1. Right, A540: aliphatic (A, V, I, L, M), more than 8 Å from the ligand (Cβ to nearest atom), farther than 16 Å from V402 by Cβ and at pLDDT below 95 or not?
2. Of (1) in contact with a Lys or Arg (Cβ under 9 Å, 6 or more places away or on another chain); (2) at negative phi, G605 satisfies all except one. Which?
3. Could you please give the count of residues in region 549-575 that are loosely packed, with under 15 Cβ neighbours inside 10 Å and away from the ligand (no atom under 13 Å from the Cβ)?
4. Can you tell me how many residues within region 576-598 are over 23 Å from F511 (Cβ atoms) and surrounded by 14 or more Cβ atoms within 10 Å (Cβ to Cβ)?
5. If I ask for residues that are part of a helix (DSSP H, G or I) and small (G, A, S), which ones from region 177-216 would you list?
6. If we scan region 476-497, do we find a residue that is surrounded by 15 or more Cβ atoms within 10 Å (Cβ to Cβ), touching a Gly at 6+ places or on another chain (Cβ under 9 Å), modelled with pLDDT of 90 or more and not in a helix (DSSP H, G or I)?
7. Has region 578-590 got at least one residue that is acidic (D, E), modelled with pLDDT under 85, within 16 Å of the ligand (Cβ to nearest atom) and part of a loop (DSSP other than H, G, I, E, B)?
8. Within region 608-621, track down each residue that is in a loop (DSSP other than H, G, I, E, B) and away from the ligand (no atom under 11 Å from the Cβ).
Amino acid sequence: MKCDPPLYRATPPSLAVKPRLIRHLFLPPLILLLMVALGYAAYLVSERNGIKALSENGERQLELHARTLESEINKYTYLPSVLELESSVSMLLKDPTPELRREVNDYLEGLNRRSRSRAIYVLDTTGRVLATSNWRDADSYLGEDLSFRAYFQDAVRGLPGRFYGIGSTTGEPGYYLAHGLEEHGKIIGVAVIKVRLEALEERWQRARLEAFVSDENGIIILSSDPARKLKSVRPLTPEIKERLARSLQYYWWPLNELVPLEREALAEGAEKLTFPANTSVDTEHTRVSYLAQTRQLSDTPWHLTLLTPLEDLRREAGSQGMLVAVACALVAFLLIAWNERRKVLSTRLAAREALQAANNELERKIAERTADLRASNERLKGQIRERRQAEDTLRRAQDELVQAGKLAAIGQMSTSIAHELNQPLAALRTLSGNTVRFIERGALDTASTNLRTINDLVDRMGRITASLRAFARRGDGKDHGQAMPGKAVEAALGLLAGRLESFGLTLHQDFSDLALRIDQTRLEQILVNLIGNALDAMQAQPLPELWLEGAIVDGRYRLQVRDNGHGIDAEARKHLFEPFFTTKPGEQGLGLGLTLSASLAAAAGGSLSAEHPASGGTAFVLCLPLVQAISEPQTGEPT
Ligand code: ADP
């Protein structure tokens, strides 16, 4: 037979990583990754939504503050044109006498006080200051040439002069509004009002509002944060820088650019700006991000920019991101727990099903086995019934056999009995005739001796007939009788006396005479058979010898009938106790003697067996129970 290699090859150690291990290795980093991703996504969404909400709110704020700013600026726009109505001003412009100058100075001083502006002054068409509200001050503009100022240049051409700048005399920043004073359609001079808008800045600071206003040049002219003031929100070209330097609009201010660290356009007019933090104020952060919303102010080229800090928003978005990450971790944990529980439940279920299946299998096997047992029980019952029937049949056959054996024995013995009885009868006839003659002769002693002999002979004949009757009686069932071995031997020898007389037998008797648990007649019957067989076997023996020995062995009585006859050959030994087995010629043997004897012994609870002594001959051993258990053997008298 060919060997199948895969079947007999040792299984190599598995190199595959088990799924459970993979799960344990990859699940925690995966969950962590998911937490971070979801947390970050939540952060971004929250930030975007927050910015949206902030920008909506910012729009409203921007609108509000722009309106405020516009109204603040517009408040003064009409004021320079008012001077057209004042005759002293036009007279001064036409004829600048010291009296008129004084008069106009006073007028302007009063007007300035009432309007709460910074200064009001009048210039001639060459740009020289003819009268001013601050004529009393040391840094009065009086007599100054301000023709280089853009507001003058615009106003003298009939355009509205709007200008934020730093005063060249005072170095003070302010908003200048100029108006060309006309007479008969001709500009004869320019009226200028300077206002300060710093009050707005203070208002913003009080309201904690971060905002700035950038002018047409992109220079921050108003700012809630002083650090940002006079910085440009966009890069200045060299030409612009030169022009500004020439006009001294911002005096000699360096006009550095306000450069954010980061700039991100969000929508039209809205962007995200990140500035370095003002470390003296904010020690926690190194950079601050703002939502910057810009709107142009009406009637001016200025822009108002509102800065809304995004730190709170960031913090809130961060919290929301963290919240989502924690929620994700919680959900993952719950899912894992649920999965583990599901697995435990399914394992339990599988175990229960396996148990149920095993139980069903067991019950099925039990049912099968029970059916088998029931069938074999039925079979056994059938066999028992058959056995009983067979036993009954056998018993009946055995009984028949016993009866047949008895009849055969009677038949067989009838000759010898007849011979037995003929002899005493002949003797009786002779003795009785002699006795009559002895009485007639008067020899009474001899006659009485003869009569005693006759009496003995009659007794013997009675015994013979009694034996015959007992022998022929059918013995049924168990034998609970009682017998004495001495009496039985005597009876058996009596029955066989006819044969023994002519035999020249040497008889050896050595046995204990104890009560045995067997019917007396049956014991005699057995002994007649055994002794008769022994005599048959010793026919050719010149010196026949017979041993009758009885003793207690192992609590039972062992009676041995041994002869020195021709013995039994090996083949015959196998069939000795079989019915109708005989080696005797003609009608001499029926083959029932040993069978019957063994049966009688068995019925008494004993046994019969044959032994074959090495010295020759045959020994039949009859074992019988004792009536009473006797420890010490008693030796009987040999006869
Ligand atoms: P039967 O005497 O009618 O033959 P038995 O049953 O008594 O029937 O004996 C069966 C046979 O056993 C005898 O034919 C004989 O061959 C043998 N046998 C019995 N007793 C002896 C003996 N003592 N010695 C030798 N042979 C014996």
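1. When the stated conditions are applied, A540 passes them.
2. (2) is the only condition that G605 fails.
3. 3
4. Here the count works out to 12.
5. A199
6. No - not one qualifying residue is present in region 476-497.
7. yes
8. So the first thing to find is which residues in region 608-621 are in a loop (DSSP other than H, G, I, E, B), and the list is 612-617.
Matches in region 608-621: P613, A614, S615.
The values are calculated or read from the model by the stated rules, or taken from the named source; none is laboratory data. All figures in this text were calculated on a predicted structure; none of them were measured in a lab. With ideal geometry, Cβ positions are generated from the backbone for all residues, glycine too; neighbour counts draw on all protein chains shown.
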